[in-house]
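What follows is a set of notes on a single structure, which appears directly below.
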Amino acid sequence: MMQDVFSKLKSLQEVLSKKFEIEQEIRDIPKVLNTKTELLNRLKKSYVEKNGQVEETKEQIRRLRIRLDDAEHQREGYEKQMDQISTQREYEALDKEIKDATEKEQHLRKEILRQEKELEELSYSLEQEESMIRQQEEELHAEQERIELESEDKRILLRELEKEEQEISPGLDEEILFKFERIIRSKAGLGIVPVKDSVCTGCHMMLPAQFENDVRSGENILFCPYCSRILFYEEEEIATGDFVTEEDSGSLTDLVNLEDFGLDE
């Protein structure tokens, strides 16, 4: 009876480990889209900010041009006044005003050129970001379609595994099943493992002798005291690939003794 239970648990382990793996993959799918969506949102935010800089730079250039026109008109007005001066002192004062106005014009022209160069660079960068946004939107759309198809395939496989689980589970203790599922989730898909050479093959810890004997008897479901996995005893193999059991060990010894004395015929 217990051998049937162990056999069911082994089969169920394979189904559950695949099931939990696919469930995790389905949960991870949105993370891929989230990463691409986040990148797209950052690009759009940068685009909006840069577009604001472009508009601000255009406004600065417009104001500078107004100031330049005023400076030009002011200089031209001073130059016209030159014909009306009558003293050296008036000449020197007016000449200074003309020089100051000229310097102001030159400064404004340089600032306009600097702002226009900055505007050109910003506009080019803006075009590049527009292209990147379009490309990212296309990639995101294609990824969404691919993921939807992949998700559907995984959901189909998941339903098939759930069906297998339902076919295997009947007859198994509900509490054991609950513990078994939790162990598989937390122990990398391994919920039932064999004992070999007094060692749990799940956590590789040496088991107490009496506990190993209890596992060997196979009368009850026992959990490893170290890793909590369900344990079952697995007979060791001899060189020929046959299992050696306690019943066979005596006959094997007799056979060896007979061969030693040439009495095997």
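General remarks:
- Charge dipole (the chain, unit charges on Cβ, about Cα centre) - positive-most of Leu140, Cys203, Phe180: Leu140
- Shown for the chain: the carbon plus sulfur share of the solvent-accessible area, taken with all protein chains present and a 1.4 angstrom probe, equals 49%.
- Listed pairs Lys58/Lys96; Lys44/Lys110; Lys36/Lys58; Lys31/Lys154; Lys19/Lys179 exceeding 21 Å between Cα atoms: Lys58/Lys96; Lys44/Lys110; Lys36/Lys58
- Charge-dipole axis of the stretch 1-135 as Lys and Arg at +1 and Asp and Glu at -1 on Cβ define it, positive-most pick from Ser11, Ile22, Gln84: Ser11
- Each of the peptides 86-94, 208-216, 21-29 was scored by the mean count of other Cβ atoms within 10 Å over its residues; in descending order, highest first, they stand as 208-216, 21-29, 86-94.
- Highest-first arrangement of 6-18, 109-121, where packing means the average Cβ count within 10 Å: 6-18, 109-121
- Every Cα-Cα pair in the stretch 1-123 was counted, and those over 23 Å apart are 67% of them.
- For the chain, the Cβ-based charge dipole about the Cα centre amounts to some 2260 debye (Lys, Arg positive; Asp, Glu negative; other atoms uncharged).
- Accessible area expressed per residue, the chain, with surrounding protein chains retained (probe 1.4 Å, Å²): 69 Å²
- Only Lys, Arg (+1) and Asp, Glu (-1) charged, at Cβ; the stretch 85-207 dipole about Cα centre in debye: 720 debye
- Expressed to the nearest 5 percent, the antiparallel share of DSSP beta bridges inside the chain is 60 percent.
- The Rg/Rh ratio for the stretch 57-158 is 1.59, where Rg is the radius of gyration of the alpha carbons and Rh is the Kirkwood radius.
- Here's how it looks for Arg229: its modeled amide H is under 5 Å from those of Cys224, which are all 5 or more places away or on a different chain.
- Residue-averaged 222 nm ellipticity for the chain, from DSSP H runs of 4+ at -39500 (n - 2.57), nearest 500: -27500 deg cm²/dmol
The values are calculated or read from the model by the stated rules, or taken from the named source; none is laboratory data. Just so it is clear, the structure is predicted and the values come from calculations on it, not from any experiment. Cβ: placed from backbone, ideal geometry, glycine included. Neighbour counts: every protein chain shown. Keep in mind that these areas ignore ligands, DNA and RNA; they rest on the heavy atoms of the full protein, side chains included. Shrake-Rupley method; radii C 1.70, N 1.55, O 1.52, S 1.80 Å.
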